[in-house]
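First comes the structure, then the notes that go with it.
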Amino acid sequence: MLILDNPVTWPKHIVEKLNSESVIQLCNSHEFIDDIADDPIILNIFEDVETYAGIHGLAGYHCTKQLLSSPFSSTGLRVLNFQNHHAWFRNLIRHYPDIDDEFYQYIDNKLTHWQNNHTGKRENMIWFCLTRALVLDSGTKSFFKYFGGEAIYFTFKNDERVAPILESIGEPVVIETKIDATDLTVFHEWAFGRTLVSHFAHSINSKFFIENLEGYISVNIEPNSIIATHPYNQFITSLTLEFKTGQNDV
């Protein structure tokens, strides 16, 4: 399995091409992947990365909160269906301490209103950080703070009654999964190769811009494709140390 920002997982034939004199010269003399992406040597590496990812799969990192009573290692990850997800949450919250009939009805009405007016842009998707550094990005913070994902917390993150409840439910985790590259939707040609090469280039030229990557799939992740469930704080501490000490340099 390929982890795009972890050279330990990069195959030998790709590492050898990256360490060629011509590639090192290109990386040291430029700052952006677009500056070198059309060079035949780089394109050849892009092709190798895409082929390897297609055969061996990619690591993806899903940011969320987990119920101890319902671990993702047992349930897997399911593509988002607003109706089903809201029904599941309603059943959960109905039995939550301090949720009386009036409060439950308030939550129910809010969810119904949101479901009737949402854009649907996130439905039938599961989103992943395809580079681990993105887990550290400020854009992931709400996933770790509020339970239920965007389909729940968008309605309530500014609600003084409900937001504290969403903060109290579940534990923040990073779900590391193996993903079939053909299932991924990403938004750039040669996206896997661009990301990998930019990480290599940055490792030898600190001015080179790292092109991180996210994407989504529209199929369920079964439990046997979940590699690990990382407690958020442990994941962040370990990753920060790795980047700081350069433990995964090529």
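The values are calculated or read from the model by the stated rules, or taken from the named source; none is laboratory data. The model shown is predicted, which means the values in this text are computed figures rather than measured ones. Positions of Cβ are generated from backbone atoms using ideal geometry, with glycine treated the same way; all protein chains shown enter the neighbour counts. All accessible areas refer to the heavy atoms of the entire protein, side chains included, with ligands and DNA or RNA removed. Shrake-Rupley method; radii C 1.70, N 1.55, O 1.52, S 1.80 Å.
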Dipole size in debye (nearest 20) for the chain around its Cα centre, Lys and Arg Cβ +1, Asp and Glu Cβ -1? 620
Residues of the stretch 111-134 with amide N under 12 Å of a point placed 7 Å along Cα→Cβ from residue 188: 131
How much accessible surface does residue 98 have with a 1.4 Å probe, in Å² rounded to 10? 140
Expressed as an acute angle from 0 to 90° and rounded to the nearest 10, what is the orientation of the C-alpha long axis of helix 232-245 relative to the principal long axis of the chain? 20
Once every DSSP H run of n ≥ 4 in the chain is given -39500 (n - 2.57) and the sum is divided by its residues, what mean residue ellipticity at 222 nm do you get, rounded to the nearest 500 deg cm²/dmol? -13500 deg cm²/dmol
Let me check I've understood the local charge: for residue 123, count other residues with C-beta under 15 angstrom from its C-beta, Lys and Arg +1, Asp and Glu -1. What total comes out? +2
According to a simple spin-label model (label point 7 Å from Cα along Cα-to-Cβ), what is the distance in nm between residue 133 and residue 100? 5.2
By accessible area with a 1.4 Å probe, ligands and nucleic acids excluded, highest first: order of 125, 1: 1, 125
Between 0 and 90 degrees, rounded to the nearest ten: what's the tilt of helix 40-56 against the longest Cα principal axis of the chain? 40
Build a GNM of the chain with springs between Cα atoms under 10 Å: which of 17, 145, 121 gets the top mean-square fluctuation? 121
When the accessible area of the stretch 68-175 is split by element with a 1.4 Å probe, what percent falls to carbon and sulfur? 48
Quick one: order 211, 189 from most to least accessible surface, probe 1.4 Å. 189, 211
Using only protein heavy atoms and a 1.4 Å probe, report how much of residue 206 is accessible, in Å² to the nearest 10. 100
Let me check something: with ligands and nucleic acids excluded, how do 21, 176, 31 order by accessible area (1.4 Å probe), largest to smallest? 21, 31, 176
Rounding to the nearest 10 and keeping the result within 0 to 90°, find how far the Cα-based axis of helix 82-94 lies from the longest principal axis of the chain. 50
Residue-normalised value, i.e. accessible area per residue, for the chain at 1.4 Å probe, in Å², stands at 52
Accessible surface of residue 138 in the full protein assembly, 1.4 angstrom probe, to the nearest 10 Å²? 80
Which one, 57, 29, 233, projects farthest toward the positive side of the charge dipole computed for the chain from Cβ point charges (K/R +1, D/E -1)? 233
State which entries of 17/207; 12/145; 65/121; 157/207; 17/244; 110/178 exceed 31 angstrom in Cα-Cα distance in the structure shown. 12/145; 157/207; 110/178
